[in-house]
């Protein structure tokens, strides 16, 4: 699950947000959708294994990680249909609409909550099977610290990328206005010699 939430989900978001200009259309869309679909499948597998393990250990619905995980998976299930509706509307109008922002912000929320819930789930990383009575492993504190550090780095990189992209888009918009007039089609901007 950590690979899905810490690496693949942010990677898929990165393709559509930051690398759209680096590849011809529709490559970024297909990369985004493909990575996110693969991540979703891994999350379903991890979610299913979590339910199975908690049933085997009589720990089902006993802590926040499990309840939080169900809510996150519901939001994750909604992400693909919202993305499809966004894409259809964007192709038709050339603009973002309500579904665009719902898809973008739900995706960011799912990513953030998934990463946080991964940290909460480290306590469940003790693999014990009732039938065999075997404890395979318990997460050492150093792994929890490592997870937290990686989560922090991924979060800072993603937020830094969002801010950087917004600043670059703003700079491009300003240059476009100076060379072509105002965006609203009104009086062109006069520049001083």
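The values are calculated or read from the model by the stated rules, or taken from the named source; none is laboratory data. All of these numbers come straight from a predicted model, not from anything done at the bench. Here the Cβ positions follow ideal geometry from the backbone for every residue, glycine too, while neighbour counts run over all protein chains shown.
Only one of the listed residues (3, 51) is free of Cβ contacts under 8 Å to residues at least 40 places away in the same chain, out of contact with any strand residue (DSSP E or B) (no Cβ under 6 Å at 6 or more places or on another chain) and surrounded by 13 or more Cβ atoms within 10 Å (Cβ to Cβ). That residue is 51.
The single condition from (1) part of a helix (DSSP H, G or I); (2) within 28 Å of residue 74 (Cβ to Cβ); (3) modelled with pLDDT under 90 that residue 126 fails is (1). Among residues of the stretch 157-171 that are closer than 20 Å to residue 115 by Cβ, those with a Cβ under 7 angstrom from a residue that is modelled with pLDDT of 85 or more, sequence gap 6+ or separate chain, pair up as 158/10. Step by step: first the residues of the stretch 138-186, then only those that are under 22 Å from residue 121 (Cα atoms) and loosely packed, with under 10 Cβ neighbours inside 10 Å, then the one that is modelled with the highest pLDDT. Which residue is that? Once the filter is applied, the top-ranked residue is 142. Is it the case that residue 105 is under 30 Å from residue 67 (Cβ atoms) and at pLDDT 85 or above? When the stated conditions are applied, residue 105 passes them. The residue that is farthest from the chain's Cα centre (by Cα), counting only those in the stretch 79-88 that are in contact (Cβ under 8 Å) with a residue 24 or more places away in the chain and surrounded by 15 or more Cβ atoms within 10 Å (Cβ to Cβ), is 87.
Are any residues in the stretch 16-40 within 17 Å of residue 168 (Cβ to Cβ) and in a helix (DSSP H, G or I), and if so, which ones? If the condition is that a residue be within 17 Å of residue 168 (Cβ to Cβ) and in a helix (DSSP H, G or I), then 16, 17, 18, 28 are the ones that fit.
Got at least one residue in the stretch 23-39 being loosely packed, with under 13 Cβ neighbours inside 10 Å, at negative phi and modelled with pLDDT under 85? Yes - at least one qualifying residue is present in the stretch 23-39.
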